[in-house]
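Values quoted throughout were computed directly from the atomic coordinates according to the rules given, and no laboratory measurement underlies them. Being a predicted model, the structure only gives us computed values, none of them experimental. Reconstructed Cβ throughout: ideal geometry from the backbone, glycine too, with neighbour counts over all protein chains shown.
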């Protein structure tokens with residue numbers, strides 16, 4: 001009885017053995033790739049935008065990048081998105097610093113010395129301790145104003161961004177499904 005060629009067992013293909021990951025890949029590349037690809041659901045992106053824009057309003061110039069980095073790592077948010085939102089909010093950030101200092105004065109009923117950049121810069125460079133004494137309370141009051149206002153800002157941004165991002169994800173998924181249905185052999189949906 002001749003053997004049926006279709007009934008012969010299929011050749012066994014051994015899975016490809018990947019080389020072990022080296023120190024550079026494990027300690028540098030893997031964390032970077034994880035930061036770039038994490039949090040890509042519409043809800044997580046909306047949260048990233050809300051938190052990034054909230055931190056971007058922090059009234060101390062030069063601190064928002066580091067704060068976004070730390071909060072983003074702690075909350076597992078997408079770093080490129082949170083930093084992009086932080087930098088995109090710069091036109092809002094600069095006026096907010098001024099107004100948070102003014103609102104802080106009104107909130108605490110204290111009239112601080114005038115906020116003149118030339119005076120502040122000269123004092124910072126000549127006597128940093130005196131600068132901290134003169135403007136430390138002002139900065140603290142501005143931070144308190146920020147802490148009062150930022151939850152409202154963050155919640156509003158989140159609830160505005162979330163439905164928009166969900167709709168974008170839905171449209172993108174429908175387009176990918178239509179493309180896959182047209183040519184199922186195409187490698188890119």
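Laid out as a table, the results:
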| quantity | calculated |
| --- | --- |
| Efficiency of FRET from Cβ geometry, residue 102 and residue 21, R₀ 35 Å, rounded to 0.05 | 0.05 |
| Stokes-Einstein D in µm²/s, Kirkwood radius over Cα pairs - segment 84-156 at 4 °C with 1.567 mPa s viscosity | 96 |
| Computed lengthening from residue 172 to residue 143, 0.36 nm per intervening residue step minus Cα-Cα distance | 6.4 nm |
| Stretch gain in nm, segment residue 74-residue 92, where the contour uses 0.36 nm per residue and the Cα spacing is subtracted | 4.0 nm |
| Burial ordering of 30, 134, fewest other beta-carbon atoms within 10 Å first | 30, 134 |
| Residues 120, 57, 75, sorted so that the one with the fewest Cβ neighbours within 10 Å comes first | 75, 120, 57 |
| Mean separation of Cα contacts under 8 Å, 6 or more apart, over the residue count of segment 80-175: relative contact order % | 32 |
| Projected label distance in nm at residue 132 and residue 66, using a 7 Å step from Cα toward the beta-carbon | 1.4 |
| Ordering of 146-153, 165-172, 45-52 by burial proxy (mean other Cβ atoms within 10 Å per residue, highest first) | 45-52, 146-153, 165-172 |
| Once the Cα gyration tensor of segment 39-172 is diagonalised, semi-axes √(5λ) in Å | 34, 15, 11 |
